[in-house]
Structures are given as structure tokens and as C-alpha cells.
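Worksheet: the structure to be examined is printed underneath.
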Amino acid sequence: MAVRQIERAVILEPEDIEAMHRPFVNKGNSDPVVRAFREALRASTPGWLSALDTDSKTVSRSRLDELLTAIGHRRDLVGALPDGEVKTEALDQLTSLDELITEMLAQLDGTTSGAGSL
């Protein structure tokens, strides 16, 4: 004997259909979500970083701390991307920079990563 399946469904009104479509409409570069994401990416970059060049020889502790904070914000934003090469590469770069900054801060504190205290 065949098993009968009973289907339950909701009858949608035109407003319901529009409400279901609205959040998923792709407006390209003019999409407010895309713009907000782009602005958040820009805001996660310290303003002074663009002026830093190879002729610069020093950076203050406060700026290194600011970079660590920026790395965290950027990592959160990148984490929203779908898994793939772009996300992996961006996270790898952030991890490498985090390790470098942490090492610099340890040197500023007069410690080394392998030394312990007694």
C-alpha cells in the first residue's frame, strides 16, 4: 500500500512574496549592504597606515595596539565571506600580521616569545 503524503502550505499574498524577495535583491555596487560592508572595511584600516612607507623606521606601541584592534575587526568582516581562496588568503595575511605585531609588542615589553620567567 502506498503511503500518502499530506502537504501543508501557506497561501501567499503579493505583499508576502515581495517581503520574501526584498532582502535578497542584488543591487550590485549600489546595494546598501555592499556599501556598508565596503565602508566597514575602510573603517577597519587605521588612517595613518596609508602614510606608512618603507622610509618609515619606527612605529609607536599605541599604533601597534591599534593595528591589533584593526586586525580583529578585519578578521570579523572577512569571516562573513564564503569559504574559498579569497577568504583563506585574507585570513592567512591577517594571522601573519597578528603574529608579527605580537612579536614586536613582546620586544617592546622586553620579553621574547621563548623566554619564561621564574
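The values are calculated or read from the model by the stated rules, or taken from the named source; none is laboratory data. In this text, all values refer to a predicted model and were calculated from it rather than measured experimentally. FYI the Cβ positions are ideal-geometry reconstructions off the backbone, even for glycines, and counts take in every protein chain you see.
Return the residue satisfying two criteria in turn: it lies in segment 1-25 and is among the β-branched types (V, I, T) and outside any helix (DSSP H, G or I), and of such residues it is farthest from L81 (Cα to Cα).
V3
Residues that are surrounded by 10 or more Cβ atoms within 10 Å (Cβ to Cβ) and touching an Asp or Glu at 6+ places or on another chain (Cβ under 6 Å), at least 1 per element: which helices (runs of 4 or more DSSP H) completely within segment 26-118 meet that?
61-79
Within segment 48-79, how many residues are free of Cβ contacts under 8 Å to residues at least 40 places away in the same chain and either among the hydroxyl-bearing types (S, T, Y) or farther than 23 Å from L108 by Cα (or both)?
Number satisfying all stated conditions: 13.
Just to check your reading of the model, which residue among R8, R38, R61, R75 is modelled with pLDDT under 95, under 14 Å from the mean Cα position of the chain (by Cα) and of a type outside the set (V, I, T)? It would help to see each step written out before you state the result.
Values: R8 fails: under 14 Å from the mean Cα position of the chain (by Cα); R61 fails: under 14 Å from the mean Cα position of the chain (by Cα); R75 fails: modelled with pLDDT under 95.
So the residue among R8, R38, R61, R75 that is modelled with pLDDT under 95, under 14 Å from the mean Cα position of the chain (by Cα) and of a type outside the set (V, I, T) is R38.
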